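Right, one structure below, let's go through it.
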Amino acid sequence: MGGDGDRAGAVVIITGPPGAGKTTVAAALAERSAGPAVHLHSDDFYGYIRSGYVEPYRPQAHEQNRVVIGVLAGAALGYAAGGYLVLLDGIVGPWFLGPFRDGARRAGLPLHYLVLRPDLAQTLRRARDRAADQLHASGPIRALHQQFSQLSDLEAHVLDTSGLTAGQTIEAVRTAITAGRLRLAPAGP
C-alpha cells in the first residue's frame, strides 16, 4: 500500500461523517502496513488550539479550519515525502482537498481519497456511542452526513459501510487502496 516507483510514500485521506469508522480503519491500516506508516488524526490538530478554538462544524470556524487543514496537509505530505504511508483520518470534505492535491502534485506523491459512508441511522447510532468529548449532536452530524452524500465526481471514492463490520471495512479499504481505485488525479499546474 505504498507509493509509486522509487518513492514509498503516499497519503491516504480517510473521511466521512462522524462515527463512520475513520479512526478505526486508519489506525488498523497503519499498524498492519508492511512498511513505515503514520496515522494522523485530524482531531489532534484541532486539539492543539489552546485559545480561540471554535467547534469546526460552526460557520464561524471557516478561517480556523482553513489553517488547520493547511497544517495537516503539510504534515501529511512531509511524512509521505520521507517515505511513509500516511493514513489521515478526519472530516476532510472535497472543499478541503486543495492543499493536499497541490502539495501532492508538487512533490510527485500519490494521493488517495476515501469517504466511508454508512447510512444515516447507523451514523447517528455510532455517534451516540462515541466518547464523551466527541461530537454527539444530531444536527451537525446530519448536516455532515448530507454533505458527504453529495459528492458528484468523487462518488467513486465512496465506500458504503452500512452493515459492514470493522474488519470487513478495513479489508475493503485495503483492497481499494492497493488496486489504486481511490487515487486522485493531481491538481492542475
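Please treat every number below as a calculation from the coordinates, not as lab data. None of these values were measured; they are calculated from a predicted model. FYI the Cβ positions are ideal-geometry reconstructions off the backbone, even for glycines, and counts take in every protein chain you see.
Computed 3J(HN,Hα) for the range 157-173, one whole-Hz value per residue from the Karplus formula 6.51 cos²θ - 1.76 cosθ + 1.60 where θ = phi - 60°, is 9, 9, 10, 6, 9, 4, x, 7, 6, 4, x, 5, 5, 4, 5, 5, 5, glycine and proline marked x. The charge dipole of the chain, taken about its Cα centre with unit charges on the Cβ of Lys, Arg, Asp and Glu (plus for the first two, minus for the last two), comes to roughly 80 debye. Per-residue ellipticity at 222 nm computed for the chain from its helices equals -13000 deg cm²/dmol, with DSSP H segments shorter than 4 residues left out and the rest contributing -39,500 (n - 2.57).
The structure-derived value of mean projected area of the Cα convex hull in nm² appears in the list [x] 23.8; [y] 10.6; [z] 17.6 under the label [y].
Summarising the amide proton neighbourhood of Gly21: residues at separation of 5 or more, or on other chains, whose placed amide H is nearer than 5 Å comprise an empty set. In this structure, the amide hydrogen of Arg181, modeled 1.01 Å from its nitrogen in the peptide plane, lies closer than 5 angstrom to no residue at least 5 positions away or on a different chain. With contacts taken as Cα pairs under 8 Å at a separation of at least 6 residues, the chain carries a relative contact order of 33 percent.
Among 86-99, 52-65, the peptide with the highest mean count of other Cβ atoms within 10 Å heads the list, and the full ranking is 86-99, 52-65. In order along the range 111-121, the phi-based Karplus estimate (6.51 cos²θ - 1.76 cosθ + 1.60, θ = phi - 60°) of 3J(HN,Hα) comes to 10, 10, 9, 9, 10, 7, 9, x, 5, 4, 4 Hz; Gly and Pro are listed as x.
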